[in-house]
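Accompanying notes for the structure given below.
The values are calculated or read from the model by the stated rules, or taken from the named source; none is laboratory data. As the structure is a computational prediction, the values presented were derived from the model and not from experiment. When we count neighbours, we look across all protein chains shown, and the Cβ atoms used for this are built from the backbone with ideal geometry, even at glycine. Accessible surface is based on the protein model in full, side chains and every heavy atom, while ligands, DNA and RNA are left aside. Shrake-Rupley method; radii C 1.70, N 1.55, O 1.52, S 1.80 Å.
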Amino acid sequence: MDLGIAGRWALVCGASKGLGYGCARALAGEGVNLVINARTASALEAAADRIRGETGVQVVAVACDITTPQGRDESLAACPQLDILINNAGGPPPGDFRNWTREHWIAALDANMLTPIELIKATVDGMIARRFGRIVNITSSSVKAPIEVLGLSNGARSGLTGFVAGLARKTVEHNVTINNLLPGQFDTDRLRGTTAAAAKAQGKTFEELAAQRRQLIPARRFGHETEFGQMCAYLCSAQTSYFTGQNVLLDGGAYPGTY
Ligand code: NAD
């Protein structure tokens, strides 16, 4: 299927690796030009080179922290016309809520709620004026089924989800859609890091715990960033103008509910 978005411009946040990279690569595969950001310049430049080499699209790399006003300004300034916005940043750390201070909460809200809202605010009116826009927020399966130790994530991402639910119904008449893509367990550095920490705490090896976790997923495997990116690209396609305000769960069947 031709997704009908070749030649458009996308800003993909947190895109040097993992799920953000998967989204950037899939969009580039459809001929979408990119501005990508991440905090580490060397990893980001390597990702940009790889995408350019594999797809031939234009890729502008902006090394920055997207949770800062400066990072957002630099990323937006690098994009000649923003048609597609993929919101993404690192997730908050796990822990016990008794140990979290106001500062922990503000950091989580900044990264996983307020930064996406700021970027939507900066871009949505231009999309409306041009009568095309696709916004995808990478959130988490924890929005549908909370993960106890990830309380900061559960809370901050639910705030974003609630805000988006309202706005997405205001923009769709202008062919601007806003949806959330909810990863279950994907084999990225973040998952490997949290699995290693949990394995250590439980006195298991990494591979023992990873195997146990894979067994609990009906697909019996972790997801791959490529399949996550392909779903993201479809949500950004010309075909999805009637699809907005939805929470799309990609988790190998792990969520046990019917609805
Ligand atoms: P990752 O650590 O593999 O990659 C994160 C990417 O974002 C990197 O490119 C990193 O440089 C960049 N990044 C992080 N913070 C940034 C910032 N402040 N500014 C700019 N770039 C930043 O992580 P991932 O697994 O791809 O996860 C992406 C998001 O999805 C995270 O919020 C994570 O919590 C969430 N998530 C992941 C999973 C999973 O299984 N991997 C599950 C649920 C939710």
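Residue-level check: of (1) at positive phi; (2) within 12 Å of the ligand (Cβ to nearest atom), residue 175 misses just (2).
On the given criteria, is residue 75 open to solvent by less than 50 Å² (accessible area, probe 1.4 Å), touching a Cys at 6+ places or on another chain (Cβ under 9 Å), modelled with pLDDT of 95 or more and within 11 Å of the ligand (Cβ to nearest atom)? Criteria met by residue 75. In the condition set (1) assigned to a helix (DSSP H, G or I); (2) over 20 Å from residue 120 (Cα atoms); (3) open to solvent by less than 60 Å² (accessible area, probe 1.4 Å), residue 160 is compliant with all but (2). In segment 212-226, how many are in contact (Cβ under 8 Å) with a residue 60 or more places away in the chain and either among the hydrophobic types (A, V, I, L, M, F, W, C) or open to solvent by 60 Å² or more (accessible area, probe 1.4 Å) (or both)? So the count comes out to 2. If you filter segment 8-24 down to residues that are more than 6 Å from the ligand (Cβ to nearest atom) and surrounded by fewer than 24 Cβ atoms within 10 Å (Cβ to Cβ), you find that the one that is nearest to residue 49 (Cα to Cα) is 9. For segment 195-225, the tally of residues that are more than 8 Å from the ligand (Cβ to nearest atom) and in contact with a helix residue (DSSP H, G or I) (Cβ under 9 Å, 6 or more places away or on another chain) stands at 17.
Screening the candidates 170, 204, 144 for the property of being open to solvent by 20 Å² or more (accessible area, probe 1.4 Å) and touching a strand residue (DSSP E or B) at 6+ places or on another chain (Cβ under 8 Å) yields one hit, 144.
None of 175, 180 is under 26 Å from residue 108 (Cβ atoms), modelled with pLDDT of 95 or more, in contact with a Ser or Thr (Cβ under 6 Å, 6 or more places away or on another chain) and not small (Gly, Ala, Ser) except 180. Could you please let me know if residue 152 is farther than 30 Å from residue 7 by Cβ, of a type in the set (A, V, I, L, M) and within 11 Å of the ligand (Cβ to nearest atom)? Taking the combined requirement at face value, the residue satisfies it. Scanning segment 81-110 for residues that are open to solvent by less than 20 Å² (accessible area, probe 1.4 Å) and aliphatic (A, V, I, L, M) yields a total of 5. Scanning segment 139-149 for residues that are within 8 Å of the ligand (Cβ to nearest atom) and out of contact with any Ser or Thr (no Cβ under 7 Å at 6 or more places or on another chain) yields a count of 1. When each of 124, 136 is tested for being within 16 Å of the ligand (Cβ to nearest atom) and either at pLDDT below 95 or outside any loop (DSSP other than H, G, I, E, B) (or both), the lone residue that passes is 136. Taking each residue of segment 28-46 that is under 18 Å from residue 76 (Cα atoms) and away from the ligand (no atom under 11 Å from the Cβ) and looking for partners that are of a type in the set (Asp, Glu) and open to solvent by less than 20 Å² (accessible area, probe 1.4 Å) with beta-carbon atoms closer than 9 Å, six or more apart or interchain, yields 32/83.
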